[in-house]
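The structure appears below as structure tokens.
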Amino acid sequence: MRLLQVNLRSLLLCLLVLVAVSIPVSFFAIREILNEEVDESLALHSDQFVKHIKTFEYLEDLEMDLGIWDQLSYDITITPTLEPGNEHLYRNVSMFDSVEHELRPFRTLTTPVEIRNKHYLLTIRMSLVDNDQLVIVLASVQVVIVVLLALALLLLNRRLTERLWRPFYHTLNQLKAYELDKNESIEPATTKVVEFQDLNKAVSHLTDRNRKIYLQQKEFIENASHELQTPLAIFHSKLDILMQNPSINEEAANTIGELEDAAQRMTRLNKSLLLLSKIDNDQFADSVNVDLSLVAQRIVDNLRTLSDLGEIAISVKAQPVVVTANYSLMEILLTNLFHNAVRYTAQNGVVNVLLADRTLTISNIGAPLKMDTDRIFDRFTKEGVHANSTGLGLSIVKKICDYSGFKVSYLYAGNRHQFTVVF
């Protein structure tokens, strides 16, 4: 089909070029044809004039009559010459018209004649004004026809292109709107074009295969997370029993403490994966009216102890903002954003929280990120090494925003990290 469209455009371009070239060619061709007609008419008039003069050679005052004829005649000029000639000369000249007071084009024929053994040059001229006007009219008509033809061809090409490519753009728009986590399939438009039929089959096969792989991966993560809960709980309980054993030494206690930290991190990671899986499975469909200012204030109050340990201050300016969403998800959303800001704020720094006009802005002072900021919301992407970080906090934030219809963005300016959520 691409080749067909290219051929249509090439054919249209060639046709327009051909028609455009034909205008000057036809203009000169018509002009030459008219000049030939004029030349034939001049030659005929010349022969008739010579024959007419020959019949009056017996007159004694013929030379005087020829002089008077030369002065009175407008289209015919006869002048004596010393040398005989045999060449007929056609040419275009411009002569002043005393009536119109302008130069007018003429076609002239100059031919040698012999009268009473004396040589003359006979010049006969014919006006080309009517011929030029005719040529201009014909050329104007051709130009108008070419313009109309070009517009018609362009319109036809556009209509044909839209009609031919409609199934393609239908499939393309569905591909742009296609999301793996949505339970929707691509429905290509019905078409008789073989190329588009093959394309639709390939697209359907590709999307179905990717959808199947996605579901398998999601099911695996969900099952693995569920299965890990019991071993992690047993692991925690065994560690608690070991830590209560009075016979362990200091080195063993430190090792058990490190294992406890690792187990807690695994537990947080498992909970995060379970949360992502539940969001994908639409298990947070219940929505209520949530006052985000109250939720934010409560979470900040819980964090103040943690922030004081790091000598980090939290400044909150929150106006009542009510959204319709799942309450648990809103708590998780704000908690992850606040924890992230506190975790990456320098000592003695300040975390600013502003909630107004259905927009939440959280900013903190910190060094610029070393990683690509476009990947900041990707899973398992984190800056530096933090024992308490799973690399899923911001990806959960992005997932909740996408699920709830919010928009989240990140910006670094003026030595400040800023996350903005538009509800």
Checklist outcome for this item: Burial-style ranking of 273-281, 190-198, average other-beta-carbon count within 10 Å with highest first, yields 273-281, 190-198
Next on the checklist: Please compute the modelled spin-label separation between residue 180 and residue 87, points set 7 Å along Cα→Cβ, answer in nm with one decimal.
Outcome noted: 8.9
Next on the checklist: For the range 249-359, compute the orientation-averaged projected area of the C-alpha convex hull (one quarter of its surface), in nm².
Outcome noted: 8.9
Next on the checklist: From the P(r) of the range 194-280, could you give the percentage of C-alpha pairs in the tail past 15 Å?
Outcome noted: 70
Checklist entry - Among 179, 32, 260, which one shows the biggest mean-square fluctuation in a GNM of the chain, springs joining Cα atoms closer than 10 Å? => result 32
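Evaluate the relative contact order of the chain (contact order divided by residue number), counting alpha-carbon pairs under 8 angstrom at least 6 apart; express in whole percent.
Working: 469 pairs, mean separation 37.5, N = 423.
Worked out over the chain, it gives 9 percent.
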Next on the checklist: Compute a Gaussian network model of the chain, connecting alpha carbons closer than 10 Å, and tell me which residue from 396, 186, 136 fluctuates the most.
Outcome noted: 136
Next on the checklist: Running a GNM on the chain with Cα contacts under 10 Å, which residue among 189, 29, 341 ends up with the highest mean-square fluctuation?
Outcome noted: 29
Checklist outcome for this item: Projected onto their principal axes, the Cα atoms of the chain stretch, largest extent first, over whole-Å spans of 163, 52, 45
Checklist outcome for this item: In the chain, whole DSSP H helices that both stretch 18 Å or further along their axis by alpha carbon positions and average at least -1.0 on the Kyte-Doolittle scale are 2-54, 129-177, 194-243, 250-280, 292-309, 327-343
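Between residue 22 and residue 48, how high is the FRET efficiency from 1/(1 + (r/R0)^6) when r is the Cβ-Cβ distance and R₀ = 56 Å? Nearest 0.05.
Numbers: r = 38 Å, r/R0 = 0.68.
Once the sixth-power term is evaluated, E becomes 0.90.
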Item to check | Gain on full stretching of the segment that runs from residue 104 to residue 347 - 0.36 nm per residue minus C-alpha separation | outcome: 77.7 nm
Checklist entry - Which loop-located chymotrypsin sites (Phe, Trp or Tyr not before Pro) does the range 208-268 contain, where loop means any DSSP state but H, G, I, E or B and the Cβ has at most 12 other Cβ atoms within 10 Å? => result none
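Per residue of the chain, what 222 nm ellipticity follows from adding -39500 (n - 2.57) for every DSSP H run with n ≥ 4, rounded to the nearest 500? Walk me through the numbers on the way to the answer.
Numbers: 8 runs with 241 residues, N = 423.
After summing the helix terms and dividing by the residues of the chain, the value is -20500 deg cm²/dmol.
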Checklist entry - Measuring from label point to label point, each 7 Å out along Cα→Cβ, what is the residue 193 to residue 140 span in nm? => result 4.3
Item to check | Bridge type composition, the chain - antiparallel percent by DSSP, nearest 5 | outcome: 90
Checklist outcome for this item: Inter-part gap, Cα centre of the range 300-375 to Cα centre of the range 113-134, in whole angstrom, is 103
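No value in this document is a laboratory result; all are computed from the given coordinates. Computed from a prediction, not measured in an experiment: that's the story for all the values here. A quick note on method: Cβ atoms are made from the backbone with ideal geometry, for glycine too, and the neighbour counts reach across all protein chains shown.
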